[in-house]
Structure formats: structure tokens, C-alpha cells
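Here's the structure we're looking at; comments come further down.
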Amino acid sequence: MSAMDTDEVSVVLPASSTTSGLSLSLHPLPILNISEHLTRLKLQKNDPSPFVLGALLGTQNGREVEIVNTFELATEGDEDTVDHGFLVSRRDQYKQVFPSLEFIGWYTVAPKPTSRHIALHEQFTGYCSTPLLLVLQPPYAAVGADINGQSLPFKAYEPTVEIKDRASRSVFVEAPYNIETGEAERIAVDWTARGGGSGTSLESHLQTQRSAVAMLHERILLLVKYVVDVVAGTTKKDHDVLRSLAALVASLPASENKAFREEFNTEYEDVQLTAFLSSLTKSTNILNDLVDKHLVLTADRGERGGGARRRMGGRQGGMPDWSDRLHG
């Protein structure tokens, strides 16, 4: 959003006074779409803080919400009036392709929600009873901002009503979210992060393996940091996460006992020996082919040399002996 007055009354309730009961999941595609939308508008309008507005598509089952996709929205006249005809048209088009996705909210770019966002928010209540707001915070506003250990510059808000001094007003309450990714999404995001570059199949395979190992390493470091923070008391305990970690550790094979080490060394030596024998067999075949070619070449030369000698001998033997004739 454009610059707002920073001294106006906050429209976001503090986390200490109320919390959201939503179970919100955010997929990678909306993150990429919103980031691309902001970057494109910056370049098109040559404006470091352009007005960004879009719709959120997803599924909702009770208090469980998933944000799966997005599309851009248009405005009429000023930037505070939504083009509802365009919204309905685009929503119906997406509905034909993705029947399970519903309009569940909208997104924008701003340091924090303000009264202007409240006015915009009321225009979406006709499409969803409680539309969510997903805000991409600019880099200068996202520094130091962290919710539940998340480093993404996104914050989600759920609308609610605050009653104070016998007066009510529409406000937002911050809703924590989790990143939800499927196998296909991981592959697509990894391919996008690598630029979709082309290369040999071996290079692509090795690059995929390297990325998988790097991702696994990052996640292990994240889990270790979480456990260290829980032990230090700087992070709130989540018993579900701790039980999952305990189950994961228990499922790992015991890799430090003597029997495992001996079996590992035996398998490693067998693999190395197989590779050595394969290389030796290949070298032997190459040497055998070289010897055969050498023998064929040597035999051809020998046959040509012997024939020449025989032909020379025949001519010498057929010459008349004139000395005997003279003496006779």
C-alpha cells in the first residue's frame, strides 16, 4: 500500500488480549504469485511501494483453512474501490478449472493493516463471511518481525469485532500459519529456484540430489535449533512437535553399534570391489581388442612380405643359365 499515517489507532488487536483459533496453511504458490505481483508492479510503475491487491483461493473446513492459489484484482477509479465485475469473472473462471477452490480472502502489501484496509475488507464480505487478509510486509517493515519462528515476510489476519466503551468496530487479529507443501510443489519450487536451467541428465540428477541433501540438512538444523530453544526456555513447548521428533528419532537405525559398523564396512568394501572388478574387466576388454587388431595388422604385413619374396624367387629361378650353354 501507499504511505499511511503512522499515528492512527491500530486496527490490529494485540496478541496478549486475544488469539485466533484458525488452523491456517499457506502453500508455496500464493507466496510466489504475490512476490511476482509486487516485483512486476514495481518495474512497471517505477514505484518502490505500488498498490497491490489480489484475491486468495483455497479450501475451508470449519476452522481449518488452506490458501492454495491467488489471482490479481482490479480497482475502479481510485485505488479504494474494488472492481467487482472483474472479481466475479475471474473467480468463476478459476472455479471452472479448480472446482474445489473457493474465495477465502484477499492480499495486499503494507507494513501493517490500517483503517484503509478495513474499508477495503468490507467490500469482500459479500463473497465470504469472514475473508482473511494476507499481508506481504516490505523488507524494511519485516526486519525483526517474526511470528512463531517464521522468517517469511508474510502475516495473516482474521477479521473480528471489538466492543469498547459501548461501541463496536471492525479489527483484525493475527493468525499464525504453517507452510504446507506437497511433493509436486517441492519439485516445482526447487526447479524454479534453480532457474529451470537445462543440462545433461547426469548433471540434473546430481543437482537434484544435492538440493535434497541441502534441504534435509537445513531442516535438521531447524529441528535442532527448536529443541535447543525449548530446553533453554526461549520457545514455547509444542507437545505434538516433540512427540513427532521422538518418533522420528526412534525410527532411525542404531548407527553407532559395532555390528552396524562391521556390516557397513563389509557392504562398502563389496561395493568398492565390484566397482574395481568392473573397471578391470573393461580395461581387459579394451586391451584384448587392441591385441587382436595388432595381430591382424601384423598378419597382413607378413602375408604381403612373403608373397613378394616368392615372386622374386620365381623370377630368379626362371632365368636361363648362359654359362652352361657357353661351356657346352
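The values are calculated or read from the model by the stated rules, or taken from the named source; none is laboratory data. Since we're looking at a predicted model, the values are computed, not measured. When we count neighbours, we look across all protein chains shown, and the Cβ atoms used for this are built from the backbone with ideal geometry, even at glycine. Each accessible area value is taken on the protein alone, full model and side chains, heavy atoms only, with ligands, DNA and RNA left out. Shrake-Rupley method; radii C 1.70, N 1.55, O 1.52, S 1.80 Å.
Looking for whichever is among the hydrophobic types (A, V, I, L, M, F, W, C), open to solvent by 80 Å² or more (accessible area, probe 1.4 Å), at pLDDT 70 or above and within 30 Å of residue 190 (Cα to Cα) here; the options are 296, 231, 249. Which one fits?
249
Among what's in the range 40-49 and is polar (S, T, N, Q) and part of a loop (DSSP other than H, G, I, E, B), pick the residue that is nearest to residue 103 (Cα to Cα).
49
Looking at this structure, is residue 65 out of contact with any Leu (no Cβ under 7 Å at 6 or more places or on another chain), touching a residue at least 12 places away in the same chain (Cβ under 8 Å), hydrophobic (A, V, I, L, M, F, W, C) and within 18 Å of residue 173 (Cβ to Cβ)?
no
Of all residues in the range 111-141, count the ones that are surrounded by 14 or more Cβ atoms within 10 Å (Cβ to Cβ), under 26 Å from the mean Cα position of the chain (by Cα) and not in a strand (DSSP E or B).
Matching residues across the range 111-141 total 3.
Determine, yes or no, whether residue 244 is part of a helix (DSSP H, G or I) and more than 30 Å from residue 186 (Cβ to Cβ).
Criteria not met by residue 244.
Of the residues 41, 13, 22, 56, which single one is over 21 Å from residue 177 (Cβ atoms) and open to solvent by less than 60 Å² (accessible area, probe 1.4 Å)?
On inspection, the qualifying residue turns out to be 41.
For residue 177, are the conditions met, namely being farther than 28 Å from residue 226 by Cβ, under 24 Å from the mean Cα position of the chain (by Cα) and open to solvent by less than 70 Å² (accessible area, probe 1.4 Å)?
Considered against the rule, which asks whether it is farther than 28 Å from residue 226 by Cβ, under 24 Å from the mean Cα position of the chain (by Cα) and open to solvent by less than 70 Å² (accessible area, probe 1.4 Å), residue 177 comes out as no.
Please determine whether any residue of the range 61-79 is charged (D, E, K, R), surrounded by fewer than 14 Cβ atoms within 10 Å (Cβ to Cβ) and under 22 Å from residue 189 (Cβ atoms).
Within the range 61-79, not a single residue is charged (D, E, K, R), surrounded by fewer than 14 Cβ atoms within 10 Å (Cβ to Cβ) and under 22 Å from residue 189 (Cβ atoms).
Against the condition open to solvent by 70 Å² or more (accessible area, probe 1.4 Å) and either on the phi > 0 side of the Ramachandran plot or at pLDDT 85 or above (or both), how does residue 219 come out, does it pass?
Taking the combined requirement at face value, the residue satisfies it.
So the check is Cβ under 6 Å with 6+ separation or different chains; which pairs have a first residue in the range 181-208 that's closer than 17 Å to residue 33 by Cα and a second one that's at pLDDT 65 or above and open to solvent by less than 100 Å² (accessible area, probe 1.4 Å)?
Within 6 Å, the pairs are 181/28; 185/28; 189/28; 190/211.
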